[in-house]
């Protein structure tokens, strides 16, 4: 039998840490190319644009991870409340013996 132990307090700390990390990712790459017209500069501007897109996508994925972890905590708390104070036999009867 596999058992999962989810400590909500530890998971909440992890979520808060992820939120802080996401908020810290705010710097966008910007190149000052005023007056420069070189093929290399054009390529660097393309890299700048793509890099900023990657950062935006990363932040969106990080936000999804945070939301998923919050859902896991909420669902786990529901299960925990449902079975609190019950032994294995009582839980078995409640779920499978109707």
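All of the numbers you see were taken from the coordinates with simple rules; none came from a lab. Please read all numbers here as calculations on a predicted model, not as lab measurements. For neighbour counting, all protein chains shown are included, and Cβ atoms are generated from backbone atoms with ideal geometry for every residue, glycine included.
Of 18, 36, 61, the residue with the greatest mean-square motion in the GNM of the chain, using alpha carbon springs below 10 Å, is 36. Annotation: for a label point projected 7 angstrom from Cα along Cα→Cβ of residue 69, residues of the range 16-56 with backbone N closer than 12 Å are 16-23. Note on the chain: with a GNM built from Cα contacts shorter than 10 Å, the maximum mean-square fluctuation among 69, 11, 29 falls on 29.
Assuming 0.36 nm per residue, please report the length gained on full extension of the stretch residue 39 to residue 61 beyond their Cα-Cα distance.
Numbers: separation 22, 0.36 × 22 = 7.92 nm, distance 3.33 nm.
Stretched fully, the residue 39-residue 61 segment lengthens by 4.6 nm.
From the Cα trace of the chain, what convex hull volume per residue do you get, rounded to a whole Å³? Cα-based convex hull of the chain, divided per residue, equals 136 Å³.
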